[in-house]
Amino acid sequence: MPIGYRPILWHVMKYYAHFGHQDFILCLGYRADAIKNYFRNYDECVSNDFVLSEGGRRLELLQSDVGDWRITFVDTGINSTIGQRLSAVESHLAGESEFFANYTDGLTDLPLPAELEHFRRHGRIASFLCVKPHLSYHFVVSRPGGEVTSIRETAQTGLRINGGYLIFKTEIFDYLRHGEDLVADAFQRLLAENQLLAYRYDGFWTSMDTFKDKQRLDDMYARGDAPWEVWKRAAPTAPPSGERAPLSLGGSRRRALGTP
């Protein structure tokens, strides 16, 4: 689903690329053909300035969205769970020690290096972004007989959810079983061994689960109020000198994995 000129998947990938993570694996399922064709026929002119000369025969881009990106497209099944999709691309992560993963249905202005530093400092196998839900539902507490003892807006309850921005050590594959789900199964094993970490963040985060969500994000984009577009507000953040680039491939690329 597009936001402005580009699909939400592109916005998520652009976010990671801003922080230097430009080697992507897309775990494809529903509409895999559309995603492949989108990138195979990618038109940089849609969202970049360019110069046209020689009667239209010469085109010079003044910026590039994806010039440094490397994208691996992997069909992982239409009805596969997140856990199955991860398992399907394990071979593409050979030689890595850690990697990012993303549900690609949420947007944030999270300072990604801070989440990565938190993950490495605590030394757990898995970490996920932990955020307050933006839904406008009311949270109800009632007795077995139906008497309501409390009713509050979701934002006032202190409840938090998995925001879909995850970091894993490759040991995560030891916790995945054939046909199982990531959260319902693998995460429970991690919990039992105290290997699951949450990174709490109270800045901007939102998901695009409904048409109403899409309308809200389109309106924000049209107003120029798009906090997730971190690449428009600051220079890219690079690892400090001497720090090993996370998820290095050939010593140069950083990897993020998406599950659209």
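The values are calculated or read from the model by the stated rules, or taken from the named source; none is laboratory data. A quick note: this is a predicted structure, and the numbers were derived from the prediction, not measured. Here the Cβ positions follow ideal geometry from the backbone for every residue, glycine too, while neighbour counts run over all protein chains shown.
Side notes on the structure shown:
- The listed residues are T206, T154, T210, and the only one of them that is polar (S, T, N, Q), farther than 19 Å from D105 by Cα and out of contact with any Gly (no Cβ under 6 Å at 6 or more places or on another chain) turns out to be T154.
- Any chance L86 is aliphatic (A, V, I, L, M), buried (at least 20 other Cβ atoms within 10 Å of the Cβ), under 21 Å from C27 (Cα atoms) and out of contact with any Cys (no Cβ under 9 Å at 6 or more places or on another chain): no
- Those residues of region 1-34 which are in a loop (DSSP other than H, G, I, E, B), within 18 Å of V74 (Cβ to Cβ) and among the hydroxyl-bearing types (S, T, Y), in sequence order: Y30
- Residue count, region 220-245 (criterion: modelled with pLDDT of 55 or more and part of a loop (DSSP other than H, G, I, E, B)): 10
- In region 184-232, residue farthest from G123 (Cα to Cα) [restricted to those that are under 19 Å from the mean Cα position of the chain (by Cα) and surrounded by fewer than 13 Cβ atoms within 10 Å (Cβ to Cβ)]: T210
- Candidates are the residues of region 116-160 that are crowded, with 17+ Cβ neighbours inside 10 Å and of a type in the set (V, I, T); the one that is farthest from Y15 (Cα to Cα) is I125.
- Qualifying residue in region 46-60 (condition: at pLDDT below 85, part of a helix (DSSP H, G or I) and under 30 Å from Q215 (Cα atoms)): yes
- Only residues that are under 18 Å from S91 (Cα atoms) and assigned to a helix (DSSP H, G or I) were counted in region 165-203, giving 7.
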